[in-house]
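The values are calculated or read from the model by the stated rules, or taken from the named source; none is laboratory data. Since this is a predicted model, take the numbers as computed values, not measurements. Reconstructed Cβ throughout: ideal geometry from the backbone, glycine too, with neighbour counts over all protein chains shown. For accessibility, only protein heavy atoms count, side chains too; no ligands or nucleic acids. Shrake-Rupley method; radii C 1.70, N 1.55, O 1.52, S 1.80 Å.
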Amino acid sequence: MAGIDKARNAHVLTEAKMRKLTRLRTVIRKDWQLYSLLLLPLIYLIIFKYGPMIGNVIAFRRFVPGGHLFGEEWVGFHYFKMFIHDPTFWKVFTNTLMLGGLTLLICFPMPIIFALLLNEIKAKKFKKFVQTASYLPHFLSIVIVAGMILQLTALNGSINVIVEFFTGEKINFIQQAEWFRTIYITSDIWQGMGWGAILYLAALTTIDDSLYEAAKIDGANRWKQTLHITIPGILPTIITLLILNIGSFLAVGFEKILLIYNPLTYETSDVISTYLYRVGLESSNFSYATAIGLFESIIGLVLILTANGISRKLTERSLW
């Protein structure tokens, strides 16, 4: 009897799978034009995102330029042990944590605050002007932004003109390690605050106006309305973006740092990505650089899984 029941259950499962496949074929046949639009993004992801993952194998093999594509010999965790005992790596790892932490702590809330302030502006023309002006820095090339930073913070730059007027002295900002984090975070706020506020402004439009009217009747002022209606209304968006930002915690802006840092500021500016660039491309130590990059990716994965799990338990909201 047990064998008959198992056979019957297997037959039922097979029929259920067949029905699902039939429904899937019907949906695809009906809307094949829409699904065809996914082809190019999928091809892009396979070629440029998933395909290169095969190259991670050289983190465990000794790669010699001009030799075999996937390394010459198996070395196991040799390169992982190298960066664990490398004091330079831990220095750049600490710098990455500091810059990532400051970016998350300071830069992440700024678009939220900016969106809330914009939402309070009643003059439509002025609001549109502020929005447009705040979006523009996002569309500037990183090279242009880096050039502006170098010009503004130069010894004869605009900032030093103001500093000299009040103090009588000039500060060589770009060559002093203690100023690098301030310059980086400030430029990041300027470049990303307006663009980052777009999602929050879109989320604000979904909040029911009747909630504000009811709150006014109950005597709630603007601050209480913001605290009890506006912020809870955009909380799902905040949590989603926070989880994504935590996942890219270690991926601080490589291009900008590479363009504005110099050996005098390595103490605070040298991060994992710039260290990988020097070790991997300039020194041609590809296996060592791959091992560090794989280590960074694993930490990012752990962070996003942890953040998602904590969010699901505390707020009942998560990415999955």
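Provide the net charge surrounding Phe173, with neighbours chosen by a C-beta distance below 14 Å and charges set as Lys +1, Arg +1, Asp -1, Glu -1. Show your work: numbers first, answer last.
Details: positive: Lys170, Arg181; negative: Glu164, Glu169, Glu178.
It works out to a net charge of -1.
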**Study point:** Most to least packed among 177-189, 116-128, 306-318 [average Cβ atoms within 10 Å]
**Key:** 177-189, 306-318, 116-128
Practice item. Give the ranking of Thr268, Thr26 by solvent-accessible surface, highest area first, calculated with a 1.4 Å probe. Key: Thr26, Thr268
Point to revise | Probe 1.4 Å, accessible area per residue of the range 14-112, Å² | key: 73 Å²
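Quick check for you: with a 1.4 Å probe and neighbouring chains kept, what is the accessible area per residue of the range 135-279, in Å²? Kindly include the intermediate steps, with their values, before the conclusion.
Values: 7860 Å² over 145 residues.
Here the residues of the range 135-279 average 54 Å² of exposed surface.
Considering only protein heavy atoms and a probe of 1.4 Å, how much of the accessible area of the range 84-151 is carbon and sulfur, as a whole percent?
Here it works out to 76 percent.
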Practice item. On the full set of protein chains, 1.4 Å probe, figure out the accessible area of Met82 and give it in Å² to the nearest 10. Key: 70 Å²
Review point. If each Cα of the range 113-169 is one equal point scatterer, what is log10 of I(q)/I(0) from the Debye formula at q = 0.19, 0.21, 0.25 Å⁻¹?
Key: -0.80, -0.81, -0.88
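Taking all pairs of different Cα atoms in the range 20-115, averaging 1/r and flipping that mean, what Kirkwood radius in angstroms comes out? Please report the intermediate quantities before stating the final value.
Values: mean 1/r = 0.0533 Å⁻¹.
Kirkwood radius, the range 20-115: 18.8 Å.
Take the solvent-accessible surface of the protein heavy atoms, probe 1.4 Å, and return the percent of it on the range 210-299 that carbon and sulfur atoms account for.
On the way: 2780 of 4360 Å².
It is 64 percent, rounded to a whole number.
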Practice item. Specify which labelled value, from (1) 23.7, 77; (2) 18.7, 56; (3) 26.2, 97, agrees with Rg and Dmax of the Cα atoms in Å derived from the coordinates of the model shown. Key: (3)
Check your understanding: What residues from the range 123-139 fall in the zone where the backbone N is under 20 Å from a label point 7 Å along the Cα-to-C-beta line of Leu152?
Key -> 130-139
Revision key, fill the gap. For Val27 the rounded accessible area (nearest 10 Å², probe 1.4 Å, non-protein molecules ignored) is 60 Å²
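Please work out whether the range 244-314 counts as rounded, prolate or oblate from its C-alpha gyration tensor, where a ≥ b ≥ c are the square roots of the eigenvalues and a/c under 1.5 means rounded, while otherwise a/b larger than b/c means prolate and anything else oblate? Don't skip to the answer; put the middle values down first.
Details: a/c = 3.63, a/b = 1.77, b/c = 2.05.
Here the range 244-314 falls in the oblate category.
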Exercise for review: Give the accessible area for Trp320 in Å² (nearest 10); use a 1.4 Å probe, count only protein heavy atoms, and leave out ligands, DNA and RNA.
Suggested key: 150 Å²
Exercise for review: Could you order His138, His228 by accessible surface area, starting with the largest, using a probe radius of 1.4 Å?
Suggested key: His228, His138
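Please list the helices of the chain that count as membrane-span-like by this rule: a mean Kyte-Doolittle hydropathy of at least 0.5 together with Cα atoms stretching 24 Å or more along the helix axis, each helix being a complete DSSP H run. Please report the intermediate quantities before stating the final value.
Details: long enough: 2-30 (42 Å, -0.57); 177-204 (40 Å, 0.63); 286-314 (42 Å, 1.21).
Span-like helices in the chain: 177-204, 286-314.
Could you order Leu242, Leu294 so the one with the most accessible surface comes first? Probe is 1.4 Å. Don't jump to the answer; show the numbers that get you there.
On the way: Leu242 60, Leu294 35 Å².
Putting Leu242, Leu294 in descending order of accessible area: Leu242, Leu294.
Given the rule -39500 (n - 2.57) for each run of at least 4 DSSP H residues, summed and divided by the residues of the chain, what is its mean residue ellipticity at 222 nm, to the nearest 500 deg cm²/dmol?
Working: 17 runs with 212 residues, N = 320.
Taking each H run of at least 4 residues, the total per residue is -21000 deg cm²/dmol.
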